[in-house]
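The values are calculated or read from the model by the stated rules, or taken from the named source; none is laboratory data. Owing to the predicted nature of the structure, the values given are computational and were not obtained by experimental measurement. Note that each Cβ is placed from the backbone with ideal geometry, even for glycine, and that neighbours are counted across all protein chains shown.
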Amino acid sequence: MAITQEEWTKRHRQVLKNLVTNNRPLLMAARTAMKDMGLRIFEDGRKSDGSLIGQYDTKTPFYVNPNYTPSKGQKKIPGIGSLKPIGKHGDTVFKNGKPHVTAYVKNYKDFRNKMVRRIDKVNLVLSGELSSDFYNAKIVGLAAPSEPSPKKVSANEYIVTLKRDYNQKKREGLEDKYGIIFHHTKEEIAKFIKIADQELRSEFAKAGI
């Protein structure tokens, strides 16, 4: 149905007003970019250049305190592994009669396997603390939230950031070791632009202009 120039101008101004106060196209594009980036890092285990982040160590044995593993406090979650204090040779008590307080693991890959985590490639998920901080999720979890929440600076600016200082240090350490991980890929940027454009067009279409 045809509309007058006056009505067209009125609707056009209303759409622009909505974009200034509540830029939905930008929000939808930001959410998509955040989710794509998170899935690439924490599911696919890939860096910003598209290559695999890396493989887990299979050579260096170490001892770990079971009280400070992801299984502590998560034992009610199905599929979560656990560790018990044990020595290199399977002993649980020292010669002096004192019990072991740490558990021996062959290497980091072995440790992750005991925690029932992925070991085929590095995907930066152990406790879920880093990924939850990235997704701006209120609850720490191993799975990506259905609706990621980029931090809103204003209606026209959203950012993806790590709020906790120790997670930022984790990121820096991981990128020093493996290379750039937390930068958007060219494909993620292109998809962000595409979604923003589609949503913008949709806003005008819903207004009938």
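Give the number of residues within the stretch 80-94 that are part of a loop (DSSP other than H, G, I, E, B) and in contact (Cβ under 8 Å) with a residue 12 or more places away in the chain. Step through it out loud before you land on a result.
Step one: list which residues in the stretch 80-94 are part of a loop (DSSP other than H, G, I, E, B), which gives 80-85, 87-92, 94.
Filter once more, keeping what is in contact (Cβ under 8 Å) with a residue 12 or more places away in the chain: 80-85, 87-88.
Final tally of qualifying residues: 8.
Every residue in the stretch 27-41 that is of a type outside the set (V, I, T), touching a helix residue (DSSP H, G or I) at 6+ places or on another chain (Cβ under 7 Å) and surrounded by fewer than 21 Cβ atoms within 10 Å (Cβ to Cβ), please. Even if it seems obvious, please write down each step before you answer.
Of the stretch 27-41, the ones of a type outside the set (V, I, T) are 27-31, 33-40.
Next, only the ones that are touching a helix residue (DSSP H, G or I) at 6+ places or on another chain (Cβ under 7 Å) stay: 28-29, 33, 36-38.
Answer for the stretch 27-41, where residues must be of a type outside the set (V, I, T), touching a helix residue (DSSP H, G or I) at 6+ places or on another chain (Cβ under 7 Å) and surrounded by fewer than 21 Cβ atoms within 10 Å (Cβ to Cβ): M28, D36, G38.
Residues in the stretch 77-95 include at least one that is of a type in the set (F, W, Y) and either touching a Leu at 6+ places or on another chain (Cβ under 9 Å) or modelled with pLDDT under 95 (or both).
Candidates in the stretch 84-136 are the residues that are of a type in the set (V, I, T) and exposed (fewer than 14 other Cβ atoms within 10 Å of the Cβ); of these, the one that is nearest to G179 (Cα to Cα) is V101.
Residue check: V153 meets all listed conditions (1) surrounded by 13 or more Cβ atoms within 10 Å (Cβ to Cβ); (2) β-branched (V, I, T); (3) more than 13 Å from the chain's Cα centre (by Cα); (4) in the same structural domain as F42 (by TED's automatic domain parsing) but one, namely (1).
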